[in-house]
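Please treat every number below as a calculation from the coordinates, not as lab data. These figures come from a predicted structure and were not determined experimentally. Because the Cβ atoms are built from the backbone with ideal geometry, glycine has one as well, and the counts that use them run over all protein chains shown.
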Amino acid sequence: MSIWNDMGMVYALLGAAVAVFLAGAGSAIGVGIAGQAASGVVTEDPSKFAKVLIMQLLPGTQGIYGLLVGFITLSKIGLLGGGAADLDPKTGLLILAATNRPEVLDKALLRPGRFDRRIIVERPDLKGRVEVLKVHSKDVKMDETVDLEAIALATSGAVGSDLANMINEAAINAVKNGRNVVTQKDLLGAFDTVVAGKEKKERVLSKKEKQVVAYHEIGHALIRAIKNNSDPVQKITIIPHTNGSLGYVLNFPEEEKHLETKDELMTDLISLVGGRAAEEVVFGSVTNGAYDDIKKATNLAKTMITRYGMSDRFGLVALSTVEDEYLSGRASMNCAQATEAEVDDEVKKLIASCYEEAKQIIRENREVMDQLARYLYDHETITGKEFMKIFREAKGIPEPVDTSLFSTSEKVAESVTFNEDGSYSSTVSGEPESDIWKNIGSHSDDNESDDTAKEKEDD
C-alpha cells in the first residue's frame, strides 16, 4: 500500500469518528434541551405527555445517521469485512484559483500538470444577458409588455450585478407608481438609472443653459442621423443626472456587434465632437460641457492609431499594449519617446479633422437642427422615434415601413408641423412658446466663406 493509500485510510477513520461524534453529541444536546422543556410542559398539562414524548425522541434519532455513516465508512475500508477500497486523497480532487491579473502570474504555475487550463470569464454576450435577466426576474411580476431581449440589447457590456441592480430598480419604480407588476417602462427607467444615475430634477438650469445643452445633445444625435453607418439614436434628454451630466444621447445597435469598421469608428469620433461643434456654430462660443466628450474622443483616436492600425502615417504597427486587461484596461506605449510625440500630433490632427467635418454637417443642416433643438428644449426628453420623425419630415425623407425603434416613453408625437418662424404644433404636445428662441441664429459663423457671407448680405 502506497503512502497515499495509508493517508487515505487515516482520513477515512477520522471522517468516520467525526461523523459519529458530532451526530451523537448533537443528538444528546437536543435530547437534553427537549427533555428540559418537556418536563415543564408535562407539569403544567399532564395530558400532553404523549406528544411531548414524541418531540423528545426526535433529536435522539439524529444520532443514528452519524452511526450509519461510520458503519458505511468502516465497511468501505475493509475493517468490517470485504475488500478495502483504493483510497487516494488525490482522486477527484480539483484545485481552482481565480485572479484578475493573469498577466503577472509566474509561468511556472501555468506548466502542464499545474494550473494548465485557463477559463476566462468575460462579460456576458447578448444571449448570456437575456439568461441573466431571466434569472433575476423570475421572482418579479412582469407585465406582458416586458421585452427582456430589448433590454439585453441595450445593456451591452453590462455584467450580472448591473443587470440584477436594473431589475431591482425597475421593481422599485413600479412600487413608487402604485403598481404590483413591472412594465417595460420601469425597466427602461432603471436602465437610465444604471447608465447615467438618477434624474436630478431639482437642479434647475437657466433658460440659456438649457438651450445650450439642447443644441449640444442634438449636435451629437444629428451627426448619427446623417451618417448611415452609425448606431441609431434611441433617446435624448437634457435632464441633469447624478453622474454629473446635464444631458445625454443614448444610442445602441439593433443587433449585437463584435466588430467595428474604420468608417464606424470615424463616425463615433465625429459624433463625440458634434456637441462642441454645435455650440460653436450656433452661439459663436463654447462651454466646458464637452469635457467628457473630449476625453472619450482622445482615447478613441489614440486607440485607432496605436492599437488598431488605422493610421496612414504609422500603418500596421502596434504602438501600445494593454497591460491590465481585466482591471483598468489601461494601455502603455511600447515605442520610442520621439514616436510618442508623433502619435500625439496624429491624434490632434485626427480630432481636428473630425471637428471640422462635424461643424460642416451642422452648418449644412442648420434648419433641421434648430427645429430639433427647440422640440427637445420644450420636451426635455424625447425618444429616438420622435427624433427621427422630425428629422425625416424636415429633410423630406419618407418614413420607412417599420419605424419601431427602442422607445422610452408611452406617447410620441403623432405629427409635428413647423411654421416659418420656427414654432410648431403637435397633436400630443400642443403649441409651446419660448421667448429665448426669437433671436436664435443671429450669430454669424466666423468660419463661413466670404462668398457665403456676401450671399447673405445680398439676400
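Quick look at the numbers
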read-out: Calculated FRET efficiency for the pair ALA98/ASN165, C-beta based, R₀ 22 Å, to 0.05; value: 0.45
read-out: Square roots of 5 times each gyration tensor eigenvalue, C-alpha, segment 259-384, largest first, Å; value: 32, 16, 13
read-out: Sites ARG330 and THR242, calculated FRET efficiency, Cβ-Cβ separation with R0 25 Å, nearest 0.05; value: 0.45
read-out: Residue order, fewest to most beta carbons within 10 Å, for ASP45, ASP186; value: ASP45, ASP186
read-out: Least to most buried among ILE95, ILE218, ILE226, ILE382 (fewest other Cβ within 10 Å first); value: ILE95, ILE226, ILE382, ILE218
read-out: Segment 126-196: relative contact order in percent, alpha carbon pairs under 8 Å with at least 6 residues between; value: 38 percent
read-out: Amide H partners (placed H, <5 Å) of MET142, local residues excluded; value: VAL182
read-out: Other-chain or far-sequence residues with amide H under 5 Å of LYS235's (modelled H); value: LEU250, GLY384
read-out: Cut-off 11 Å between beta-carbons: net charge of the residues surrounding GLY157, Lys and Arg +1, Asp and Glu -1; value: -2
read-out: Computed label-point distance, nm, for sites LEU74 and ILE29 using a 7 Å Cα→Cβ extension; value: 2.5 nm
read-out: Computed E for LEU126/GLU364 - FRET, C-beta separation, R0 22 angstrom, nearest 0.05; value: 0.05
read-out: Of LYS185/LYS359; LYS200/LYS385; LYS262/LYS359; LYS134/LYS176; LYS176/LYS208, those spanning more than 29 Å from alpha-carbon to alpha-carbon; value: LYS185/LYS359; LYS176/LYS208
read-out: Most to least packed among 141-148, 258-265, 304-311 [average Cβ atoms within 10 Å]; value: 304-311, 141-148, 258-265
read-out: C-alpha center-to-center spacing [segment 101-135, segment 252-314] in angstrom; value: 31 Å
